[in-house]
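Structure record follows, encoded as structure tokens.
Nothing in this text is a laboratory measurement; each read-out follows from the coordinates by a stated rule. Everything numeric here is computed off the predicted structure, so don't read it as measured data. Because the Cβ atoms are built from the backbone with ideal geometry, glycine has one as well, and the counts that use them run over all protein chains shown.
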Amino acid sequence: MSADTRYTGQEFKSVGTRPLRPDGIDKVTGRARFGADINLPGQLVGRILRSPHAHAAIRSIDTSKAEALPGVKAVITSADLPDLTDGNREMFDILDNCMARTHAYYDGHAVAAVAAVDAHTARQALKLIKVDYEVLPHVTDVDAAIAKGAPVLHKDCFTRGVEPKPRKASNIAYRSEFGHGDVDAGFAKADVIIERTFRTEQTHQGYIEPHACVASISPDGTGELWLCTQGHFVVRQHCAELLGLDVSKLRVTPTEIGGGFGGKTHVWAEPVALALSRKANRPVKLVMSRDEVFRASGPTSATSIDIRIGVTKKGRITAGDATLRYSSGPYLGMWAELGAMTSFACYDMKNVRTVGLEILVNRPKTTAYRAPSAPMAAFAVESMIDELAGRIGMDPLEMRILNAAKKGTRSSYGPVYGPIGIGPTLEAAREHPHMSAPLGKNQGRGMACGFWFNFGGQTCTDLNITPDGSVTLTVGTIDVGGARASLALVAAEELGIPYDQVRAVVGDTSSLGYNDMTDGSRGTFSSSMATIMSARNAITILRQRAARMWDIPVAKVIWEAGCAKAVGKKYDNLAPLTLAEIAAAAPKTGGPIAGHNELVADGAGVSFATHICDVEVDPETGRTQVVRYTVIQDAGKAVHPTYVEGQYQGGAAQGIGWALNEEYIYGEDGRLQNAGFLDYRIPVCSDLPMIDTQILEIPNPNHPYGIRGVGETSIVPPLAAIGNAVSNAFGVRMTHVPMSAPRILKALEEAARDASEVA
Amino acid sequence: MRYEAPQTTPEAVALLAGTKGKVHILAGGTDLIVRMKGGFVEPDMVLDIKRIKAMHLIRKTKSGLSIGAAVTCGEMGVHKALKKAWPGVVESANLIGSDQIQGRCTITGNLCNASPAADSIPALIAADARALIAGPKGERLLDVGSLPTGPGKNALKKGELVVSIELPPRDARSADAYLRFTPRTEMDIAVVSAAVNLTIDRQGVITAARVALGAVAPTAIRVPAAEKALLGNKLDAATLAAVGEACSAACKPIDDKRGTVEYRTRVAGVLAKRAAQAAWMRAGGKP
Amino acid sequence: MTQLVNTNINGDAVGFNCETDETLLDVLRNRVGLTGAKEGCGTGDCGACSVILDGTLVCACLVLGMEAEGRKVETVEGLSDGAELHPLQSKFIEHAALQCGICTPGFLMAAKALLKNNPDPTEEEIRYALAGNLCRCTGYDKIVRAVQATAAELRGG
């Protein structure tokens, strides 16, 4: 069925209002069921044994003593998850990450697992498993991994994306390149060129809910899995492939999700839980501890970025060139590639080149974290823009406006932009009272811009008209931040009925066709598109039914304000039929009424934001506090503005944590030293100010309501905005994130020393 | 694991002295239960002292104030007489963890766990507090500075437990202050900390001073050189500078995940100066 | 070693058997069937398991089940009065003070404890009182506003 997804420019009745969310009461009463809240009769407790070594060959694993412990019902190793991936490298990496085979590649890598009658027994059993390791040299640092003599993780890793194929194996797994124009010629035209190296440390999504699942496989090969995830269809696909199950026979039911931010787009312990259940022939519940979440789920990349930008005296960028090295853990990822694509996306550049290098290190496998890879690249680019503006004596805001990409600009990563929001967010920043508010002692103000793509992808929804005329909407994308409210608003809008007449639920994998996961800010964008189409399909049927009830041609029936209306001189004396009346008559007019839709949601609108930030720095300790923060972002159309604000605020808060304190700290031994919320410091309530938001609405031409994804972009600018604020307060350029107190104090002292030497 | 919750101190001492194996005392549990769950300790017995009524009291004694071993830091924070006499000790206790932690944690536990970064220890050392210890041979008093013997180690002998922390009597124009550096505003562990306890005369001359630092050595340390710099002086710029220098000079920190040698050394001096200023103001000193 | 503990949870007399080293959080979730309190860290660093024990806010993950003998435990499940939501619950929904909702039970209990002791808190007092509860979704803005609105309503009523 072809669907017209073009923007209609219609007036909205429901969309843009702020009703209460449907899952609110369950979540404030403790009734909502999250991953660890699911229990099955007879379930066992699963636990995973993890490598204490950053890099080791696994010579042998003796599980006999653990198996002999009373109460232990299954012990598994990689032998119980045999390689069925048939040369599919990506799937093999997922398998190897779920359960190490020949080598443990990081501190926390799973090597065996048990299922026992209770937690105590399971813990005892883990202690009885003897793993014979041959400890190997390791490397955890992204730059050290490509230095001469660095231990090479995989002997068969020859950098892909390079012609001819390198002769020596290395930790550079992949090279990507983007850009256009002639960079050298561009630099030749520049009056000022600045070149710098920036570093950012590895961070974690820090969702408060650890990964949790309950798995049950029957001897007949059918299975059930309950878990917290951002993509249950993807989980089903991966688990079925890894365990050799028919996809249709594994039913995956998503629970409420206690935060994901990209970290729950992947399988970690779920295939292990299924394998344990298969071996024990009992349901198995497996919940990660916080320590395991940090050590063995998927943090973001640590990065090292070389960047060079040239500008004319008048502030026009003539060329930009960047090489971005992103750690991806022990397996190939696409993280540097995304960094390379997003780096210069805010600007209209004639000459631009970016090179991304995926670097393998002995750290957990990198996974998506909200606008993955973009914040680090933006830290580099946006810091440089400020510095260049300072060098030529131009207001950095005006320099950004001068160079901002607009409709028709060829983006640095290839496509030509349609209508976009970078210019408008900058104009809004210029007018914003925050920009001109006075600053206090030891305070500085910074700004930065951010870009993120937004994804579309495979999506389907079912919309059922129930016998009383109320509506159930079943969607296949996970609700991570209020999507059920937004999608119910969209269904209500399209059907012309009140919001509270629609109940939106997330269906399990057996109730809908395949859906891509909730990532790339696609949940509301793509499921709203499918919801609109489902509603339109339902309306077609509703009109047919009304025509049958009236016994008039369907062409003479229109749908308006939640009712079927007869039109034309002959019929317009007929009283409109309400949804409830048509639903009540359904048994006699053809049976249940529903609309469904399956589509690939093309045309996701790109997303831009501008942030303004004030910091106060204690010059004697380097302690930095964000004292005022403003987010300005284009939403296309804010379906539920309150939850759009929530996305803006949440992303900014994560970015602030990243900018100031959050980092993975590895010891010389390659072990993670801060695998807990005490020493991995996400912002607490008293660390932050109120976060002001301004929603701009520049409609996405490829969505009927103009909707763009809004979830991710807000994490992109904060690193640079804070770096620029510190720089504006004290004249020091911070090039290493997090800008922790010791790093800031050191920079201040060095600047003071330099100043005194000059004097 | 045995769980015992005796009603009296003699019962507790008898259980501690008479039980073989690893016995751990449970007060607030904010350290012990974390370590049990992490598998770092596997007690044979946990002895919960919270059913001993006397241990919940903050009371005036002949020689000052006594804080029972089961008094939570949160309770200290709402005790007016204690706050008035020892604002620095109370602020050090109240900086430990969140409100949730405050509802459980105790300064006695903080002292006995003997973390180099413990918040209350420098303040208690500066206050010249003593721990009242009960054991099979009766009671004894020990300077709080002598109780921690190294990271995670204390001077308690088999069968002994701390019953209370004893604070000395307070002279007029005396006050204390405690400051720490943490990356976050709350929910954090001191990277470096400083406590200063001062008495001044009517002219503002310092007549008694104790200065202690945390997280700059295996145990919290006193800084006699800083005390000497304060004694007999007003808190002028030169005195403050001398205090800062003496404190930085006294540091023997390590590089770890929470801070560097360089940073701790430098900021110890900054915090000591600021703590001295705060104590000075509270004691009635004029800026 | 399993022992019988008699306690009171949300006003009801409850007896449970528990291991001596089992936490109150595990008891509530696995033995009593109250899964409102969440385990986000198990080390007292996130506050998702906040409950009120004999009137004092605590992390249930840092309390042994054995300690509950003869005491009163309040959890999020006891916050509403039948179908009537506690004002904090209503305001959290109205102000969108939750996105994923995993931290919400802990915040509600912490906010309840705060408002009992301080009916008219400043923004700063709210922020420090809630610093033991981590939220990764909201940036805290709407949570603080919901608590402010509740405090105003409770003072007015």
For the range A:110-135 and the range A:156-173, distance of Cα centres in Å:
37 Å
Roughly speaking, what is the stretch gain from A:R101 to A:T312, that is 0.36 nm per residue apart minus the C-alpha to C-alpha distance, in nm to one decimal?
70.4 nm
Cut-off 20 Å (backbone N to label point 7 Å along Cα→Cβ of B:K20), residues of the range C:1-31
C:1
If R0 is 56 Å, what FRET efficiency do you get for B:R59 and A:R59 from their C-beta distance, rounded to 0.05?
0.35
If I model a spin label as a point 7 Å beyond the Cα along the Cα-Cβ vector, how far apart are those points for B:T207 and C:T2 in nm?
6.7 nm
Put +1 on the Cβ of every Lys and Arg and -1 on every Asp and Glu Cβ in chain A; which of A:G35, A:A188, A:V152 then has its Cα farthest towards the positive end of the dipole?
A:G35
Separation of the range B:1-51 and the range A:611-685 by C-alpha centroid, Å?
40 Å
Approximate spin-label separation A:Y514-B:A249, in nm, with each point projected 7 Å along Cα-to-Cβ
7.3 nm
Folded to 0 to 90 degrees: helix B:237-250 orientation relative to chain B principal axis, Cα:
40 degrees
Taking the range B:102-172 and dividing mean pair separation by its residue count, relative contact order in percent (alpha carbons under 8 Å, at least six apart):
36 percent
May I ask for the angle, rounded to the nearest 10°, between helix C:141-156 and the longest principal axis of chain C, with both axes built from Cα atoms and the value confined to 0 to 90°?
90 degrees
Between A:V416 and A:D500, what FRET efficiency comes out of the Förster formula 1/(1 + (r/R0)^6) with R0 = 35 Å and r the beta carbon distance, rounded to 0.05?
0.25
Distance in nm between label sites at C:D54 and A:D184, each 7 Å beyond Cα in the beta-carbon direction?
7.9 nm
Extended-chain gain in nm, criterion 0.36 nm per residue less alpha-carbon gap, A:A144 and A:V554:
140.5 nm
For A:N464 and A:V600, FRET efficiency with R0 = 25 Å and r from the beta-carbon atoms, rounded to 0.05?
0.60
What does the charge add up to near A:N39, with Lys and Arg as +1, Asp and Glu as -1, over the other residues with Cβ less than 11 Å from its Cβ?
+2
May I ask which of A:K127/B:K153; B:K53/B:K84; B:K37/C:K38; B:K20/B:K158 have a Cα-Cα span longer than 21 Å here?
A:K127/B:K153; B:K53/B:K84
Relative contact order for chain A: what percent, with Cα pairs under 8 Å and sequence separation of 6 or more?
16 percent
Towards the positive end of the charge dipole of the protein assembly as shown, with charges on Cβ (+1 Lys, Arg; -1 Asp, Glu), say which of C:V58, A:V247, A:L574 has the farthest Cα.
C:V58
Dipole of the protein assembly as shown, Cα-centred, from +1 at each Lys and Arg C-beta and -1 at each Asp and Glu C-beta, to the nearest 20 debye?
1280 debye
Dipole of the protein assembly as shown [Lys/Arg +1, Asp/Glu -1 at C-beta], most positive-end residue of A:S526, A:Q237, A:I422:
A:I422
Isotropically averaged projected area of the range C:2-78, using the convex hull of Cα atoms (one quarter of hull area), nm²:
4.2 nm²
Determine the dipole magnitude for the range A:171-314: charges of +1 sit on the beta-carbon of Lys and Arg, -1 on that of Asp and Glu, nothing else is charged, the reference point is the Cα centre, and the result goes in debye to the nearest 20.
160 debye
What helix-only [θ] at 222 nm does the protein assembly as shown give? Using -39500 (n - 2.57) per DSSP H run of at least 4, over all residues, to the nearest 500, the answer is -9000 deg cm²/dmol
Chain B, Gaussian network, Cα under 10 Å: of B:A134, B:A215, B:A237, the residue fluctuating most is B:A237
Give me A:I682, A:I309 sorted ascending by neighbouring Cβ count inside 10 Å, so fewest comes first.
A:I682, A:I309
Restricting the calculation to Cα positions, tell me the Rg (one decimal) and the Dmax (whole number) of chain A in Å.
27.5, 95
Under a Cβ-Cβ cut-off of 13 Å, what is the net charge of the residues other than A:G706 that fall near it, where Lys and Arg count +1 and Asp and Glu count -1?
-1
For a quick check: sort A:L332, A:L495, A:L577 by the number of other beta carbons within 10 angstrom, fewest at the front.
A:L332, A:L577, A:L495
Counted neighbours (other Cβ, 10 Å), sorted fewest up, put A:M349, B:M281 in the order B:M281, A:M349
Once you average over the residues of A:647-657, how many Cβ atoms of partner chains fall within 10 Å of each Cβ?
4
Checking a compactness column here: for the range A:128-201, what do you get for Rg(Cα) / (2.2 N^0.38 Å), N being the number of residues?
1.69
Any aspartates and glutamates whose Cα falls less than 16 Å from that of A:K569, other than same-chain ones fewer than 8 residues away, would be A:D551
Hey, what angle do you get for helix B:9-18 against the long axis of chain B, alpha-carbon based, 0 to 90 degrees rounded to 10?
70 degrees
Of C:A146, C:A13, C:A37, which has the largest mean-square fluctuation in a 10 Å C-alpha GNM of chain C?
C:A13
Compute the signed sum of charges (Lys and Arg +1, Asp and Glu -1) over the other residues within less than 13 Å, Cβ to Cβ, of B:E75.
+3
At q = 0.27 Å⁻¹, what log₁₀ I(q)/I(0) does a Debye calculation on the Cα points of the range A:50-101 give, no solvent, two decimals?
-1.12
Using a simple charge model, +1 on the beta-carbon of Lys and Arg, -1 on the beta-carbon of Asp and Glu, nothing else, what dipole does chain B show about its Cα centre, in debye to the nearest 20?
400 debye
On a straight-distance basis, which lysines could pair with A:K249 in a cross-link, Cα separation under 27 angstrom, same-chain partners fewer than 8 positions away excluded?
A:K73, A:K264, A:K279, A:K285
Any chance you could check the Cα centroid distance between the range A:712-759 and the range A:200-266 for me, in angstrom?
41 Å
Kirkwood Rh for the range B:121-220 from C-alpha pairs, in Å, is 15.1 Å
